[in-house]
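Asks: Please read through the structure below; I'll follow up with questions.
All of the numbers you see were taken from the coordinates with simple rules; none came from a lab. All figures in this text were calculated on a predicted structure; none of them were measured in a lab. We place every Cβ from the backbone using ideal geometry, glycine too, and count neighbours over all the protein chains shown.
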Amino acid sequence: MKSILVTGGAGFIGSNFVHYVVNNFPEISITVLDKLTYAGNEQNLKGLPEDRVQLVVGDIADKEEVDKLAQEVDAIVHYAAESHNDNSLIDPFPFVQTNLIGTYVLIEAARKYNLRYHHVSTDEVYGDLPLREDLPGGGEGEGEKFTAETAYNPSSPYSSTKAGSDLLVKAWVRSFGLKATLSNCSNNYGPYQHIEKFIPRQITNVLSGISPKLYGEGKNVRDWIHTEDHSSAVWTILTKGRIGETYLIGSDGEKNNKEVLELILELMGQPKDAYEHVKDRPGHDLRYAIDASKLYDELDWKPEFTDFKDGLEETINWYRKNHDWWKAQKNQVEAKYAESGQ
Ligand code: NAD
Ligand code: TDX
């Protein structure tokens with residue numbers, strides 16, 4: 001494999017993956033296909049060598065564009081998506097268009113040119129789990145974390161369109177022999193994450209003198225993984241994964257939202273209770289938790305960022321240093337949240 005097409009490579013996780021590949025695999029050249037929606041930013045690829053990374057601004061649902069690019073690469077790694085649950089509750093259409101139709105266009109191109117294809121998905125396709133305290137096994141028993149065998153049960157327009165895209169890929173593997181792997185990862189944090197998302201929203205609220213906003217009671221649990229670990233996992237699956245298989249990616253990072261917010265406040269020198277409770281998200285998933293043992297055992301992968309506090313501190317410092325990267329969007333993002341009482 002010498003050249004890969006990375007869709008959504010100007011977004012949060014996709015751009016981190018592009019940096020990861022450039023830094024670790026000098027033989028690989030990358031074409032990024034990204035529509036540069038509100039979530040995509042050319043700056044995320046700044047400083048990367050032009051002879052190894054080419055940005056094509058375009059839509060994954062554009063058959064002609066995708067067909068042209070697919071002829072020039074050995075593999076497609078598909079990150080592009082409409083990715084924010086709250087947006088999907090206000091206007092689901094872009095989610096249906098990009099996550100379903102866009103994926104369809106990509107897998108048809110991968111099929112036509114017999115390309116290796118990796119599909120990046122989310123743990124949200126499995127719905128949610130009960131809180132650990134409500135489980136007899138304390139969250140460690142059979143069926144108490146998501147595995148690749150867990151039944152799909154998505155809750156939001158975002159997660160249902162991601163689930164649908166996964167099912168398209170699985171069907172293309174079975175019916176057409178598509179050379180695909182899939183991964184479902186837990187919540188990512190790290191540099192370049194859009195400030196609409198929980199962690200960067202709260203960090204940039206503190207930096208802007210706005211009080212942080214916690215949905216409901218803050219009991220909802222997310223299983224946090226550093227985006228650099230997500231990148232190394234995707235690379236491992238792309239190069240060593242078995243065709244047709246799904247690998248769950250996670251690094252045992254379960255925390256409830258209140259704990260995460262309190263830790264951000266502590267690391268930023270604020271009182272622990274310096275935040276507001278706001279309206280909860282409709283259909284808000286309670287808990288996500290990943291059993292990533294298949295990835296550990298079969299592909300010998302392990303995460304590097306095992307201390308959440310250190311990773312969070314580094315992330316806070318990134319937002320401090322990169323004020324110009326997020327500042328222009330802050331008022332608009334907060335105005336949109338204010339409209340929905342959040
Ligand atoms: P993001 O919103 O930050 O980035 C998405 C990127 O896709 C942007 O650059 C955007 O411009 C681009 N894009 C959107 N529609 C497009 C289209 N039609 N054509 C071409 N480009 C388009 O999202 P993210 O958080 O980086 O998520 C990336 C992928 O990882 C998604 O598939 C998401 O479902 C998955 N994922 C995210 C998380 C998470 O915690 N953020 C966890 C697991 C999986
Ligand atoms: O201001 C907020 N306050 C708050 O309490 C925001 C924006 C969120 N929250 C809560 C909602 C969630 O329980 O924080 C948690 C995390 O919220 P998001 O950052 O919106 O992430 P989530 O909905 O969990 O989905 C994320 O992880 C899985 C990504 O956005 C998805 O793309 C990925 O698939």
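Asks: To the nearest 20 debye, what is the magnitude of the charge dipole of the chain about its Cα centre, counting +1 on the Cβ of each Lys and Arg and -1 on the Cβ of each Asp and Glu?
Replies: The dipole of the chain has a size of about 620 debye.
Asks: Expressed as cubic angstrom per residue, what is the convex hull volume of the alpha carbon set of region 231-315?
Replies: Looking at region 231-315, the number lands at 120 Å³ per residue.
Asks: Quick one: the Cα spread of the chain along its three principal axes, in angstroms, biggest first?
Replies: 56, 48, 37 Å, listed from the longest principal axis down.
Asks: Which Cα, out of Asn331, His284, Thr306, lies furthest along the positive dipole direction of region 273-342 (beta carbon charges, K/R +1, D/E -1)?
Replies: Projecting each Cα onto the dipole axis, the largest value belongs to Asn331.
Asks: Can you list, largest first and rounded to whole Å, the semi-axes you get for region 218-265 by taking the square root of 5 times each eigenvalue of its Cα gyration tensor?
Replies: 29, 12, 5
Asks: Give me the compactness ratio for region 192-255, meaning the Cα radius of gyration over 2.2 N^0.38 Å.
Replies: Dividing the Cα radius of gyration by 2.2 N^0.38 Å gives 1.50.
Asks: For region 160-270, what is Rg from Cα atoms divided by 2.2 N^0.38 Å, rounded to two decimals?
Replies: My calculation over the Cα atoms of region 160-270 gives 1.34.
Asks: OK, next. How do Glu196, Glu124 line up, fewest other C-beta atoms within 10 Å first?
Replies: Glu196, Glu124
Asks: Among Lys112, Lys35, which comes first, second and so on when ranked by fewest other beta-carbon atoms within 10 Å? Don't jump to the answer; show the numbers that get you there.
Replies: Details: Lys112 12, Lys35 19.
Fewest-to-most ranking of Lys112, Lys35: Lys112, Lys35.
Asks: Name the residue farthest towards the positive end of the dipole of region 166-260 from the options His226, Ser211, Leu238, assuming +1 on Cβ of Lys and Arg, -1 on Cβ of Asp and Glu, about the Cα centre.
Replies: Leu238
Asks: Per-residue ellipticity at 222 nm for the chain, helices alone: DSSP H runs ≥ 4 residues times -39500 (n - 2.57), over residue total, nearest 500 deg cm²/dmol?
Replies: Taken over the chain, the calculation gives -12000 deg cm²/dmol.
Asks: Give me Phe308, Phe176, Phe95 ranked fewest to most by other Cβ atoms within 10 Å of their Cβ, as a rough exposure proxy. Write down the numbers at each step before the final one.
Replies: Numbers: Phe308 20, Phe176 13, Phe95 24.
Ascending number of Cβ neighbours within 10 Å: Phe176, Phe308, Phe95.
Asks: Given the C-alpha centroids of region 38-64 and region 267-342, what is the distance between them in whole angstrom?
Replies: 24 Å
Asks: Can you bin region 2-87 into rounded, prolate or oblate? Criterion: square roots of the alpha carbon gyration tensor eigenvalues sorted a ≥ b ≥ c, rounded for a/c under 1.5, prolate for a/b above b/c, oblate for the rest.
Replies: oblate
Asks: Hey, another quick one. Name the residues whose placed amide hydrogens come within less than 5 Å of the amide hydrogen of Val32, ignoring near sequence neighbours (fewer than 5 apart) on the same chain.
Replies: Placed amide hydrogens put Val6, Gln54, Leu55, Val56 under 5 Å from Val32.
Asks: Apply the Karplus parameterisation 6.51 cos²θ - 1.76 cosθ + 1.60, with θ equal to phi minus 60°, to every residue of region 249-261 and state each ³J(HN,Hα) to the nearest whole Hz, in sequence, with x for glycine and proline.
Replies: Couplings: 10, x, 9, 6, x, 5, 8, 7, 4, 5, 4, 5, 5 Hz.
Asks: Please state the charge dipole magnitude for region 241-333, taken about the Cα centre, from unit charges on C-beta atoms (+1 on K and R, -1 on D and E), reported in debye and rounded to the nearest 20.
Replies: Using only the charged Cβ atoms, the result is roughly 520 debye.
Asks: To continue, here is another question. As an exercise, take the mean of 1/r over every pair of distinct alpha carbons in region 14-172, invert it, and state the Kirkwood radius in angstroms.
Replies: For region 14-172, inverting the mean 1/r across all distinct Cα pairs yields 17.3 Å.
Asks: How large is ³J(HN,Hα), in whole Hz, for each residue of region 298-304 in order, when computed from phi with the Karplus curve 6.51 cos²θ - 1.76 cosθ + 1.60 and θ = phi - 60°, using x for Gly and Pro?
Replies: 7, 10, 6, 8, 8, x, 9
Asks: With unit charges on the beta carbons (Lys and Arg positive, Asp and Glu negative) and the dipole taken about the Cα centre of the chain, which residue among Tyr79, Ser29, Gly139 sits farthest to the positive side?
Replies: Working it through, the farthest residue towards the positive pole turns out to be Ser29.
Asks: Rounded to whole Hz and in sequence order, give me ³J(HN,Hα) for region 204-218 from the Karplus expression 6.51 cos²θ - 1.76 cosθ + 1.60, θ = phi - 60°, writing x for Gly and Pro.
Replies: Per-residue couplings from phi come out as 6, 4, 4, 5, 9, x, 9, 6, x, 10, 9, 6, x, 8, x Hz.
Asks: Given +1 on the Cβ of Lys and Arg, -1 on the Cβ of Asp and Glu, and no further charges, what dipole in debye does region 58-124 carry about its Cα centre, rounded to the nearest 20?
Replies: Approximately 340 debye in magnitude.
Asks: Does region 115-213 come out rounded, prolate or oblate by the C-alpha gyration tensor, with a ≥ b ≥ c the root eigenvalues, rounded set by a/c under 1.5 and, if not, prolate when a/b is larger than b/c and oblate if not? Each step should come with its number before you reach the end.
Replies: On the way: a/c = 2.68, a/b = 1.37, b/c = 1.96.
It is oblate, given that a/c is not under 1.5 and a/b is not larger than b/c.
Asks: Between Val96 and Asp300, what is the label-point separation in nm under the 7 Å Cα-to-beta-carbon projection?
Replies: Taking the simple label geometry, Asp300 and Val96 are separated by 4.7 nm.
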